[in-house]
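Enquirer: Before we start, here is the structure in question, set down as structure tokens.
The values are calculated or read from the model by the stated rules, or taken from the named source; none is laboratory data. For clarity, every value in this text was computed on a predicted model and none was experimentally measured. Neighbour counts are summed over all protein chains in view; Cβ atoms, including those assigned to glycine, are modelled from backbone coordinates with ideal geometry.
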Amino acid sequence: MNLLATGSTAMGWTTVVLYLVVIGAFFYFAAIRPQKKEQKRVNAMLSTMEVGDVVVTTSGFYGVLIDITEDDVIVEFGSNRNCRIPMKKAAIAEVEKNNE
């Protein structure tokens, strides 16, 4: 009787470990991997920005890049050329290349 009890306990632990591995794999492929892929895309987009590109901010404003530094950009909004706002690169949602 003692042998049967240890065999079923070992089988129970194996099942629990298998479930944990399956759940961990599900979370990796459903949440972590797409997030890393999106972060790579955003980093590539931000690294290819150039002065003169049209950008859309995370708040939905369209503007033209005037200056780019390591962490910040200066974006010119509107047609009056007086509205220049410095902002973090992380505030840029989309970049449209200037076709001149």
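Enquirer: Tell me the residue from Met49, Met45 that is at pLDDT below 95, closer than 30 Å to Pro86 by Cα and not in a helix (DSSP H, G or I), please.
Expert: Result: Met49 is the single residue among Met49, Met45 that is at pLDDT below 95, closer than 30 Å to Pro86 by Cα and not in a helix (DSSP H, G or I).
Enquirer: Filter the stretch 41-100 for residues that are surrounded by fewer than 15 Cβ atoms within 10 Å (Cβ to Cβ) and touching a Pro at 6+ places or on another chain (Cβ under 6 Å) and give the result.
Expert: Matches in the stretch 41-100: Asp72 only.
Enquirer: Considering Thr14, Thr6, which residue is at pLDDT below 85, in a helix (DSSP H, G or I) and farther than 30 Å from Ala93 by Cβ?
Expert: Thr6
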